[in-house]
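J.: Submitted below is the structure of interest, expressed as structure tokens.
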Amino acid sequence: MVYYCGREHQVQDWRKHKDSCGKSKAERHDQSESRTSDGGNSKNQNELHKETDHSTKSDDNIDFDDRPFKNEIYFNAPDPIDADSLGKNVLKGLTSNKYFVVDGVFKKSHLHSVLHEIDTLEEKSSFVQGQLSGGRTSGDDSRKVTATGIRSDKIVWVEGNESHMPNISRVVKKMDSILTAFSLSQSKLCISGRTKAMVACYPGNGTYYRRHVDNPNKDGRVITCILYLNKDWDVKDGGLLRIFDENGDDYHDVAPLFNRLLFFWSDSRNPHEVQPSHRSRYAITVWYFDKEERQKAKDEEKAQEMFKLGSEEVVKDLEKMKIEKKQIADKIEDEAVKAVQSLSQGELNAIADVIRDHPKPKEVLSSLGISTKIQDILIKQLNLSKS
């Protein structure tokens, strides 16, 4: 199974997946490198998943994958770090494995400053509940949905150029330079633009993001780039990112280690989940656009909006015509009533004599040149006079 970022995404992409898919702020210690260890804790971790998943079960929610942790070794950044060579390695990794992980791209002192800026955001209560994307381009705030049964992280969106967050901005600029090099290293995709950067916190207590696809709806996002910021991570801490193949049979684990960068295709090639986190877990995510797909999504969204506006205008016009028609009918009736009321009793009696005992009195009135609307009111008036 696969989770979708919105109901409209599910409707469009669910059928082809449903049969094939498989089964408190934490301490930040400065004294040691990030580490991974299964330490025989895989079983305990699976039990923790079950204990901390308090969401209501529904057709839209599936259990977390409880297969054992895979402690995989990933690529270490070269020294000195060259954005061009990293971009080429990202291309190679995405081409062969659909994702690419590299450790050590940033200086530790830089990321310590990033964590300090995130602390400041938390102190200012800047974080809000994460939402599922909305609209054809996934950026329509009015159509975003809060669904804590699917995701329970807290987030802040930043442009990546804020003067009061220079260290986060430097992270985003480095990501940009790597993706620029990636784009220049191949000809199939044209990386053109990105989303804002999403600073995310899973504040422990079993917070998570269930299995989903970032971009099942071809909204333009083609590559997801994530920087992890969690020192001294251990498997028992949870918060593991698990990437599945398209049918769910195989999986790859990416531990959210301090100074680890992850790149993966944003589409249905990479369903993934953030398993329940038992300590605060931090990451910065940016999505990069393919120029052609993004433009197509924008064009389709614009067409949908124009159709919607056009439909609304048609409805307004019909309603206006309906009102005008009623106003005309009311005016005609008012004039007819006035015409009948202007007749003297003698005139009414004369008309009554003409149509009396006639099987079709309206035919007689029509022969006298009296309009249909006046006929109805006249006959009603004659009946009242008779009574």
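J.: Residues that are hydrophobic (A, V, I, L, M, F, W, C), at least 2 per element: which strands (runs of 3 or more DSSP E) completely within the stretch 192-282 meet that?
T.: It comes to 197-203, 221-228, 241-244, 260-265.
J.: Can you find a residue that is among the hydrophobic types (A, V, I, L, M, F, W, C) and under 30 Å from Phe106 (Cα atoms) anywhere in the stretch 327-348?
T.: No, that holds for no residue.
J.: Counting just the residues of the stretch 119-142 that are at pLDDT 70 or above and in a loop (DSSP other than H, G, I, E, B), which one comes out surrounded by the fewest Cβ atoms within 10 Å (Cβ to Cβ)?
T.: Looking at residues that are at pLDDT 70 or above and in a loop (DSSP other than H, G, I, E, B), I get Ser125.
J.: Scan the stretch 246-290 residue by residue and report those that are under 15 Å from Val101 (Cβ atoms) and touching a Cys at 6+ places or on another chain (Cβ under 8 Å).
T.: Matches in the stretch 246-290: Leu261, Leu262, Phe263, Thr285.
J.: Among Gly310, Gly346, Gly369, which is out of contact with any Cys (no Cβ under 9 Å at 6 or more places or on another chain), at pLDDT below 95, part of a loop (DSSP other than H, G, I, E, B) and exposed (fewer than 13 other Cβ atoms within 10 Å of the Cβ)?
T.: Just one listed residue meets the conditions, Gly369.
J.: Condition first: surrounded by 14 or more Cβ atoms within 10 Å (Cβ to Cβ), closer than 29 Å to Lys107 by Cβ and not small (Gly, Ala, Ser). Now tell me which residues in the stretch 59-78 satisfy that.
T.: Once the filter is applied, which keeps residues that are surrounded by 14 or more Cβ atoms within 10 Å (Cβ to Cβ), closer than 29 Å to Lys107 by Cβ and not small (Gly, Ala, Ser), the stretch 59-78 yields Phe69, Lys70, Tyr74, Phe75.
J.: Further question: Modelled with pLDDT of 95 or more and in the same structural domain as Glu292 (by TED's automatic domain parsing), is that true of Ser113?
T.: Spelling it out, Ser113 is indeed modelled with pLDDT of 95 or more and in the same structural domain as Glu292 (by TED's automatic domain parsing).
J.: Picking from Ile323, Ile374, which residue would you name as being surrounded by 11 or more Cβ atoms within 10 Å (Cβ to Cβ) and β-branched (Val, Ile, Thr)?
T.: Ile374
J.: Here is a follow-up. Cβ-Cβ below 7 Å, separation at least six or inter-chain, first residue in the stretch 304-333 and under 30 Å from Asp219 (Cα atoms), second surrounded by 10 or more Cβ atoms within 10 Å (Cβ to Cβ) and not β-branched (Val, Ile, Thr): which pairs?
T.: Qualifying pairs under 7 Å: Gln304/Arg136.
J.: Let me ask something else. Within the stretch 42-84, which residues are basic (Lys, Arg) and at pLDDT 85 or above?
T.: Arg67, Lys70
J.: Please name all residue pairs, on different chains or six or more residues apart, with Cβ atoms under 9 Å, provided the first residue is in the stretch 162-174 and is in the same structural domain as Thr285 (by TED's automatic domain parsing) and at pLDDT 95 or above and the second residue is among the charged types (D, E, K, R) and part of a helix (DSSP H, G or I).
T.: From residues that are in the same structural domain as Thr285 (by TED's automatic domain parsing) and at pLDDT 95 or above, the pairs are His164/Glu117; Met165/Glu117; Pro166/Glu117; Asn167/Glu117; Ile168/Glu117.
J.: Now for a separate question. Do you know which residues across the stretch 179-195 are surrounded by fewer than 15 Cβ atoms within 10 Å (Cβ to Cβ) and basic (Lys, Arg)?
T.: Lys188
The values are calculated or read from the model by the stated rules, or taken from the named source; none is laboratory data. Nothing here was measured: the structure is a model prediction, and the numbers come from that model. Glycine gets a Cβ as well: all are built from the backbone with ideal geometry, and neighbour counts include every protein chain shown.
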